[in-house]
1. Would you be able to tell me the number of residues in region 66-98 that are closer than 27 Å to Tyr147 by Cβ and open to solvent by 90 Å² or more (accessible area, probe 1.4 Å)?
2. Based on this model, can you work out whether Leu196 counts as open to solvent by less than 100 Å² (accessible area, probe 1.4 Å) and either of a type in the set (A, V, I, L, M, F, W, C) or at pLDDT 75 or above (or both)?
3. Among the residues that make up region 141-151, is at least one of them out of contact with any strand residue (DSSP E or B) (no Cβ under 6 Å at 6 or more places or on another chain), open to solvent by 80 Å² or more (accessible area, probe 1.4 Å) and closer than 30 Å to Gln101 by Cβ?
4. Can you report the number of residues in region 99-140 which are open to solvent by 70 Å² or more (accessible area, probe 1.4 Å) and in a loop (DSSP other than H, G, I, E, B)?
5. Is it the case, given these coordinates, that Leu191 is assigned to a strand (DSSP E or B), within 26 Å of Tyr122 (Cβ to Cβ), modelled with pLDDT under 80 and open to solvent by 90 Å² or more (accessible area, probe 1.4 Å)?
6. Take region 141-153 and flag every residue that is outside any loop (DSSP other than H, G, I, E, B) and farther than 21 Å from Gly184 by Cα.
7. Quick one: which of Tyr147, Tyr122 is of a type in the set (Ser, Thr, Tyr), over 57 Å from the mean Cα position of the chain (by Cα) and at pLDDT 75 or above?
8. Just name the residue that is modelled with the lowest pLDDT out of those in region 178-188 that are open to solvent by 50 Å² or more (accessible area, probe 1.4 Å) and touching a Phe, Trp or Tyr at 6+ places or on another chain (Cβ under 9 Å).
Amino acid sequence: MEIMVFFTLLLLVCSVSTNQTEADNEIVDQQISNQQPCPQDIHAVLREMAVSLALQTERITVLQKENQEQAAKLETEIDQLKLQSEEQVAKLESQKTEIDQLKHELQVKQVAFSVSLLDQGYGYTGPYNTHMTLIFKRVVTNIGNTYNPHTGIFTAPVRGVYHFYWTVYGNGNIPAGAYLFRNGEKILLHLYVKHLVV
């Protein structure tokens with residue numbers, strides 16, 4: 001009977017250990033089956049991420065190209081705006097100069113001068129062998145202060161029509177003449193020649 005009890009006990013232990021191994025196997029199988037989709041999911045996720053990365057890289061490349069084109073376009077526009085600004089500044093300066101001239105013209109309402117070669121009395125001037133500027137020493141009138149008695153030059157302060165009158169006489173049979181110059185150019189000759197009738 002001892003053998004039988006031992007055998008029964010052995011059977012019982014074996015059956016418990018077999019049941020436990022099968023239960024363990026089922027748990028392990030279940031864990032394996034649960035774990036197998038995980039590596040497959042990681043590969044799918046990595047593939048999706050690789051595709052997404054490629055798309056993003058392509059989009060970044062396109063955006064960089066668009067940014068470069070926009071930057072070039074903006075630089076061109078900036079250069080054009082700078083040029084327009086410089087033109088506007090030049091135009092503004094020109095208009096400012098014109099306004100200043102108009103203001104000056106408005107301030108100068110009358111211009112007149114009356115002068116004589118000698119400071120007082122009468123006498124002779126010349127003869128001269130070369131052209132020279134005659135300096136009128138006596139200033140009778142100088143409205144607008146436009147005649148310079150030190151240089152003999154009249155400076156017209158504004159554009160307009162000016163009337164000049166002068167008299168030239170020669171002594172005896174010597175012809176006499178005088179030129180009127182404007183900015184270094186001869187514009188009028190006044191000539192006096194006395195003819196003798198025989």
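1. The number of residues fulfilling the criteria is 1.
2. No; evaluated as a whole, the condition is false for this residue.
3. Checked region 141-151: at least one residue is out of contact with any strand residue (DSSP E or B) (no Cβ under 6 Å at 6 or more places or on another chain), open to solvent by 80 Å² or more (accessible area, probe 1.4 Å) and closer than 30 Å to Gln101 by Cβ.
4. 15
5. Against the criterion (assigned to a strand (DSSP E or B), within 26 Å of Tyr122 (Cβ to Cβ), modelled with pLDDT under 80 and open to solvent by 90 Å² or more (accessible area, probe 1.4 Å)), Leu191 qualifies.
6. Thr141, Asn142, Ile143
7. The conditions single out Tyr122.
8. Going through the qualifying residues, I end up with Leu188.
The values are calculated or read from the model by the stated rules, or taken from the named source; none is laboratory data. All figures in this text were calculated on a predicted structure; none of them were measured in a lab. We place every Cβ from the backbone using ideal geometry, glycine too, and count neighbours over all the protein chains shown. Surface accessibility is based on the protein's heavy atoms, side chains included, excluding ligands, DNA and RNA. Shrake-Rupley method; radii C 1.70, N 1.55, O 1.52, S 1.80 Å.
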